[in-house]
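In what follows, a structure is listed as structure tokens, so that the remarks can point back to it.
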């Protein structure tokens, strides 16, 4: 039966009892002229009633829903890969359990386009952010109606990269199994750049083209998450971004070394500025894994220092001077910690 499906929706879940029904129903409402399946992987949800809900849906829709239940928590990344490992349909998408689709013809539009345009590996759309106060806004604000992009466009920052539920992929990667580079990636979900939306897009764009249509296909919830690192979120963001570029570079076997090392270097500088500006609070609260990432990225930049463009793109000299003062100050602190 699995070989008859043309399209797969991968839905990782972990304690999303409040939202998962809406997510599943938005898949089941899709109108298509082809069979599709929903693979739900639950990462041992024990804090809510998720598993009971999922079992009920799987029992009601055995021809559409395949349920994978983990007997222990394996983390979001491995939970996602567990589904991708058995995704052998021509097309697939990933829908997080707290988001949902709004266009009942979304699957059909995507498959029709990809069926008729074999050089494309991605069909993508816009979506809405939904905030907890009920307000919304478009994820992609650019007024462009339709845009086709190549990997070369991506290298020059000329393509649009939507969020997870706004992307449908031709299955040119997982049809042959999970790449070893993804299997070997770090377990820590926070630092695993290869499990993120952007890399999924880049990985598939490398194998073809991307087609973007400025239509709303679904809703992405913005949920507040309490964190003891809230005051250092910008620092964490830039460190993880720098690490992501290092991981991307490794995945492509340094084929785009200059691009990714320079991107990593720029993100590293931004992280160091954040460190300097928030030094007093961050001295205590920064977790060790962020410093490990700093050391990793710094080492990569040092190894490739000859290809780094060290120009700082500020509009005037005073800003440039201030930046270097902050950078120098921060570097001294990192040296004391044995990172630089």
Quiz prompt | Over the stretch 2-222, relative contact order from alpha-carbon pairs under 8 Å, at least 6 apart, % | solution = 26 percent
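Where the eigenvalues come from the Cα gyration tensor of the stretch 27-85, what are the semi-axes √(5λ) of the equivalent ellipsoid, largest first, in whole Å? If you can, show how the numbers build up before the last one.
Values: eigenvalues 100, 43, 14 Å².
Working through the eigenvalues yields semi-axes of 22, 15, 8 Å.
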Self-check item: Likely footprinting exposure, 10, 213, fewest C-beta neighbours within 10 Å first
Solution: 213, 10
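Could you tell me the calculated FRET efficiency between residue 250 and residue 158, based on Cβ-Cβ distance and R0 = 25 angstrom, to the nearest 0.05? Spell out each step's value before the answer.
Working: r = 24 Å, r/R0 = 0.96.
The calculated FRET efficiency here is 0.55.
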Quiz prompt | Percentage, to the nearest whole number, of Cα pairs in the stretch 2-222 over 30 Å apart | solution = 18 percent
Quiz item: Measuring from label point to label point, each 7 Å out along Cα→Cβ, what is the residue 258 to residue 52 span in nm?
Solution: 6.1 nm
Quiz item: If you find the alpha carbon centre of the stretch 148-176 and of the stretch 1-55, how far apart are they in angstrom?
Solution: 23 Å
Practice problem: Using only the Cα atoms, work out Rg/Rh for the stretch 83-192, with Rh taken as the Kirkwood radius, to two decimals. | Solution: 0.97
Exercise. Please order 93, 273 by the number of other Cβ within 10 Å, starting at the fewest.
Key: 273, 93
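Taking neighbour counts of Cβ atoms within 10 Å as a proxy for exposure, in what order, fewest first, do 46, 164 appear? Don't skip to the answer; put the middle values down first.
Details: 46 10, 164 19.
Least crowded to most crowded, the residues run 46, 164.
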Quiz prompt | the stretch 18-133: radius of gyration and largest Cα-Cα distance (Dmax), Å | solution = 15.1, 45
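The numbers here are math on the coordinates, done by the rules we state, and not lab data. All values derive from a computational prediction rather than experimental measurement. Because the Cβ atoms are built from the backbone with ideal geometry, glycine has one as well, and the counts that use them run over all protein chains shown.
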